[in-house]
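Down below is the structure, laid out as structure tokens.
The values are calculated or read from the model by the stated rules, or taken from the named source; none is laboratory data. Small disclaimer: the values here were computed from a predicted structure and weren't measured. Here the Cβ positions follow ideal geometry from the backbone for every residue, glycine too, while neighbour counts run over all protein chains shown.
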Amino acid sequence: MNTAFQATQLQRITSASQTGIAMPGQYLTFLLAGETYAIGILNIKEIIAYERLTEVLMMPAFIRGVINLRGRVVPVVDLLSRFGRGTTQLAKRTSIVIVEAVGCDEENNVKVTDIGVIVDAVNEVVEITVDMIEPAPSFGAATRPEFINGMAKQGNQFIVMLAVDKVLAVNEMVVLEQVILGGNGSESADLSRRIV
């Protein structure tokens, strides 16, 4: 992937994060526990059928395991578990969406990490315009408010637009899990190095 594309991706993600409102554009929609979610299509690398995962010891519960994707080890996150709502039940349409999470390392260099996310079913790619986007609710949502960049109105339903940089912030996920389980910081740092 070229550096200009990475910089554009990082700028788009940073802009959405700073404003707290999703940007208009094309989004992949998918189902998770009966709700429709969306991730910007520019973050999507590919969609694959659910396959058996290799479990890795001492991983947080929301990291269900890893897959071998053409010779690369890709961690797979259970979004439902990440949202604190249980575990995704495997079914015929269960898929893994490979997402390119763009961020910065300690030296402020752009870093792209492939992460798989388990979804109940992939729906379609939709065009979301500015007039469809509402701010994320500050309460009452089944998903943590900081994980949501906005809500898109489509007909009589809402699509939850996810903040990929927050949902898939691997270092934050590991630290949160360690705090919940009562682990120490050195285990957390070691684990994040192994994942990323």
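If you take the residues in the range 33-78 that are hydroxyl-bearing (Ser, Thr, Tyr) and within 15 Å of the chain's Cα centre (by Cα), which one is surrounded by the fewest Cβ atoms within 10 Å (Cβ to Cβ)?
Among residues in the range 33-78 that are hydroxyl-bearing (Ser, Thr, Tyr) and within 15 Å of the chain's Cα centre (by Cα), the one surrounded by the fewest Cβ atoms within 10 Å (Cβ to Cβ) is 36.
Mind checking which residues of the range 79-89 are within 19 Å of residue 49 (Cα to Cα) and within 15 Å of the chain's Cα centre (by Cα)?
Residues satisfying the conditions are 79, 80, 88.
Kindly evaluate residue 116 against the criterion of being modelled with pLDDT of 90 or more, within 18 Å of the chain's Cα centre (by Cα) and part of a strand (DSSP E or B).
The answer is yes for residue 116.
Among (1) surrounded by 21 or more Cβ atoms within 10 Å (Cβ to Cβ); (2) modelled with pLDDT under 90; (3) under 20 Å from residue 34 (Cα atoms), where does residue 142 come up short?
Every condition holds for residue 142 apart from (1).
What number of residues within the range 119-129 are of a type in the set (A, V, I, L, M, F, W, C) and either closer than 16 Å to residue 77 by Cα or modelled with pLDDT under 95 (or both)?
3
Yes or no: the range 94-113 includes at least one residue that is within 19 Å of residue 23 (Cα to Cα), of a type in the set (Asp, Glu), in contact with a strand residue (DSSP E or B) (Cβ under 8 Å, 6 or more places away or on another chain) and touching a residue at least 24 places away in the same chain (Cβ under 8 Å).
Scanning the range 94-113, I find at least one residue that is within 19 Å of residue 23 (Cα to Cα), of a type in the set (Asp, Glu), in contact with a strand residue (DSSP E or B) (Cβ under 8 Å, 6 or more places away or on another chain) and touching a residue at least 24 places away in the same chain (Cβ under 8 Å), so the answer is yes.
For the range 19-41, check the following and say yes or no: at least one residue is within 21 Å of residue 111 (Cβ to Cβ), part of a helix (DSSP H, G or I), hydroxyl-bearing (Ser, Thr, Tyr) and modelled with pLDDT under 90.
Checked against the condition, which is being within 21 Å of residue 111 (Cβ to Cβ), part of a helix (DSSP H, G or I), hydroxyl-bearing (Ser, Thr, Tyr) and modelled with pLDDT under 90, the range 19-41 yields no hits at all.
Can you list the strands (runs of 3 or more DSSP E) found entirely within the range 54-108 that contain at least 1 residues being basic (Lys, Arg)?
Filter on the range 54-108 gives 63-69, 72-78.
Would you check if residue 103 is within 16 Å of the chain's Cα centre (by Cα), closer than 27 Å to residue 160 by Cα and at pLDDT below 90?
On the way: within 16 Å of the chain's Cα centre (by Cα): yes; closer than 27 Å to residue 160 by Cα: yes; at pLDDT below 90: yes.
Considered against the rule, which asks whether it is within 16 Å of the chain's Cα centre (by Cα), closer than 27 Å to residue 160 by Cα and at pLDDT below 90, residue 103 comes out as yes.
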